[in-house]
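K.L.:
Before I ask anything, let me first share the structure, which is written out below as structure tokens.
The values are calculated or read from the model by the stated rules, or taken from the named source; none is laboratory data. Since the model is a prediction, treat every value here as computed from it, not as a measurement. Note that we place each Cβ from the backbone using ideal geometry, even for glycine, and neighbour counts take in every protein chain shown.
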Amino acid sequence: MPPWFPMLTVLSMFYYICQRRRARLASRGEVINSRRAIKTNIHALPMSTKAVQYAKEVLDFSSHYGSENSMSYTMWNLAGSPNVYPSSGDFTQTAVFRTYGKWWHQCPSAPTPFKRTSPSFFSQDYVELAFEEPVYPTAVHVLETYHPGSVVKIMACSANPYSQSTPAEVRWETIWSAEPTRVNSPQARQFKPCIKEINFPTNLLRLETNSSLLDYYTELDAVELHGVKEKPMHSIKTTTVDMSDSDEDEYEDKDSCGLDCLTNQFSSTSLREWTDNGYFDKLPYELIQLIISHLALPDLCRLAQTCKLLYQHCCDPLQYIHLSLQPYWASLNDTSLEYLLPRCTLVQWLNLSWTGNRGFISTSGFSRLLKVCGSELVRLDLACGHFLNEACLEVIAEMCPNLQELNLSSCDKLPPQAFIHISKLCGLKRLVLYRTKIEVQGW
């Protein structure tokens, strides 16, 4: 071997390392330059014209303090520009929900709360507002004129209520939410929550409220929707890339260390430890049932996907004796009900309040559910269920012979003749018909 061959080999390796280092530095420089160029171009773009609009129409609501035949203290006062703001006080031209404080839920006639209700669900009432033009929301201002602080959630809908065509998908997205709070001052205020950006234009907002911590009724005057008609573009933030040799070596060391760690974790011994359930599957069946009974419904469905043992426990009908689907109204549809059917054979309390609107639940889907669980049902809550029709009430009368409590409040789409079927429910002890079109004969 020639004496110069080792030296040539060393120089070749050194040259290769230098070329590799230069390629890395060049690629990082190109990334930084391209990001800076994009950032400069975006800042140069003209901003879309902002639009501010008040609600054009009140589409739906759960309750109001006023009468159906009056404008005083009704939700319809939320349409249009402010009537009272910035004045403070008790005015009949404002929108007021039916309840406040905790007394409504603590009185002797109050229904027992459902078990396994989602801990993040605080809403007691809602109102849906339609606006003239769909926009990408940048701000929502709620004008509260008396005892503010009841709004706990604001949602935006992808469907245009004034469109002639039926949308392929109706999606609700929460743009702001918070826990119930107590506002010390009863004076008027303009509530300006920091909302989340969404990727679709909207002209349909939903405000959900909770007045349990308030000393008196909250009075709402108007709602402002701020937005732009074109989807806003945002500048891309650049990050400083440290290209020192020491950091690069450290980065490579971390990679090798991470690989070693993964190799050790995926060794045969570790795998045996991970796949072994230990003593968990040796616990009594009833104890595991008690443990998972503290999970909310979505967590229960997720846990069922982890292993066969927990799937068996999570699908046990005993876990669904009290089933409240109200917190999931925005995504509940016929497919969801079909998925739950095998688990609903022992349901005694069923809450479908606020669900099924805008075609999410059909008459056939509701009928299939009651055919599975109707014989065991003792309590059925259907407040604000606008999917209900006369056929649905007929199914309830036929499939629920043991029903004792029925809540049809704010089911204002039901025709008067539909309520005749309720007379077949001989075991009823509690019947709520608030804001329905039932007709009383003989008065």
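K.L.:
What are the residues in region 404-424 that are closer than 16 Å to residue 373 by Cα and either surrounded by fewer than 21 Cβ atoms within 10 Å (Cβ to Cβ) or assigned by TED's automatic domain parsing to the domain that holds residue 67 (or both), if any?
P.N.:
404, 405 - these are the residues of region 404-424 that are closer than 16 Å to residue 373 by Cα and either surrounded by fewer than 21 Cβ atoms within 10 Å (Cβ to Cβ) or assigned by TED's automatic domain parsing to the domain that holds residue 67 (or both).
K.L.:
Does region 367-388 contain any residue that is over 30 Å from residue 438 (Cβ atoms) and among the charged types (D, E, K, R)?
P.N.:
So far as region 367-388 goes, no, none of its residues is over 30 Å from residue 438 (Cβ atoms) and among the charged types (D, E, K, R).
K.L.:
Would you be able to say whether some residue in region 298-310 is of a type in the set (Asp, Glu) and assigned by TED's automatic domain parsing to the domain that holds residue 365?
P.N.:
Looking through region 298-310, none of the residues is of a type in the set (Asp, Glu) and assigned by TED's automatic domain parsing to the domain that holds residue 365.
K.L.:
For region 330-443, give me every one of the helices (runs of 4 or more DSSP H) that falls completely inside it and has 2 or more residues that are in contact with a Pro (Cβ under 7 Å, 6 or more places away or on another chain) and modelled with pLDDT of 95 or more.
P.N.:
Correct list: empty, since no element meets the threshold.
K.L.:
Just checking, does region 192-202 include any residue being over 23 Å from residue 72 (Cα atoms), hydrophobic (A, V, I, L, M, F, W, C) and buried (at least 16 other Cβ atoms within 10 Å of the Cβ)?
P.N.:
Taking every residue of region 192-202 in turn, at least one turns out to be over 23 Å from residue 72 (Cα atoms), hydrophobic (A, V, I, L, M, F, W, C) and buried (at least 16 other Cβ atoms within 10 Å of the Cβ).
K.L.:
Give just the number: which of (1) in contact (Cβ under 8 Å) with a residue 40 or more places away in the chain; (2) farther than 13 Å from residue 126 by Cα; (3) aliphatic (A, V, I, L, M) does residue 71 not satisfy?
P.N.:
Among (1) in contact (Cβ under 8 Å) with a residue 40 or more places away in the chain; (2) farther than 13 Å from residue 126 by Cα; (3) aliphatic (A, V, I, L, M), residue 71 violates only (1).
K.L.:
Could you tell me whether any residue of region 157-177 is of a type outside the set (Lys, Arg) and within 14 Å of residue 96 (Cα to Cα)?
P.N.:
No, region 157-177 contains no residue that is of a type outside the set (Lys, Arg) and within 14 Å of residue 96 (Cα to Cα).
So that you can scan it fast, the table gives a plain yes or no per residue for (1) among the acidic types (Asp, Glu); (2) at pLDDT below 50; (3) in contact with a strand residue (DSSP E or B) (Cβ under 9 Å, 6 or more places away or on another chain):
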{"position": "188", "(1), (2), (3)": "no, no, yes"}
{"position": "228", "(1), (2), (3)": "no, no, yes"}
{"position": "234", "(1), (2), (3)": "no, no, no"}
{"position": "250", "(1), (2), (3)": "yes, yes, no"}
{"position": "263", "(1), (2), (3)": "no, yes, no"}
{"position": "274", "(1), (2), (3)": "no, yes, no"}
{"position": "285", "(1), (2), (3)": "no, no, no"}
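K.L.:
Could I ask something else about it? Could you list, in sequence order, the residues of region 120-147 that are within 23 Å of residue 199 (Cβ to Cβ), crowded, with 18+ Cβ neighbours inside 10 Å and aliphatic (A, V, I, L, M)?
P.N.:
If the condition is that a residue be within 23 Å of residue 199 (Cβ to Cβ), crowded, with 18+ Cβ neighbours inside 10 Å and aliphatic (A, V, I, L, M), then 129, 130, 135, 140 are the ones that fit.
K.L.:
Just to check your reading of the model, which residue among 123, 118 is closer than 30 Å to residue 289 by Cα, in contact with a Leu (Cβ under 8 Å, 6 or more places away or on another chain) and not β-branched (Val, Ile, Thr)?
P.N.:
Step by step, each of 123, 118 is checked, and only 118 is closer than 30 Å to residue 289 by Cα, in contact with a Leu (Cβ under 8 Å, 6 or more places away or on another chain) and not β-branched (Val, Ile, Thr).
K.L.:
Might you check whether a residue that is part of a strand (DSSP E or B) and modelled with pLDDT of 95 or more occurs anywhere in region 112-123?
P.N.:
Looking for residues that are part of a strand (DSSP E or B) and modelled with pLDDT of 95 or more, one finds none in region 112-123, hence no.
K.L.:
Within region 148-191, restricting attention to residues that are part of a loop (DSSP other than H, G, I, E, B) and among the charged types (D, E, K, R), which residue is surrounded by the most Cβ atoms within 10 Å (Cβ to Cβ)?
P.N.:
The extreme case among them is 171.
K.L.:
Take the residues in region 65-85 that are in a loop (DSSP other than H, G, I, E, B) and among the aliphatic types (A, V, I, L, M); name whichever of them is nearest to the chain's Cα centre (by Cα).
P.N.:
So, considering only residues that are in a loop (DSSP other than H, G, I, E, B) and among the aliphatic types (A, V, I, L, M), the one nearest to the chain's Cα centre (by Cα) is 79.
K.L.:
If you don't mind, there's one more thing I want to ask. Cβ-Cβ distance below 6 Å, separation of 6 or more or different chains: which pairs start in region 99-120 with a residue that is under 24 Å from residue 320 (Cα atoms) and end on one that is of a type outside the set (D, E, K, R) and modelled with pLDDT of 85 or more?
P.N.:
Sorted first by the residue in region 99-120, then by its partner, the pairs are 114/322; 114/324; 114/351; 115/322; 117/324; 118/296; 118/327.
Matching residues to (1) in a loop (DSSP other than H, G, I, E, B); (2) modelled with pLDDT of 90 or more:
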{"residue": "27", "(1), (2)": "no, no"}
{"residue": "33", "(1), (2)": "no, no"}
{"residue": "38", "(1), (2)": "no, no"}
{"residue": "59", "(1), (2)": "no, yes"}
{"residue": "63", "(1), (2)": "yes, yes"}
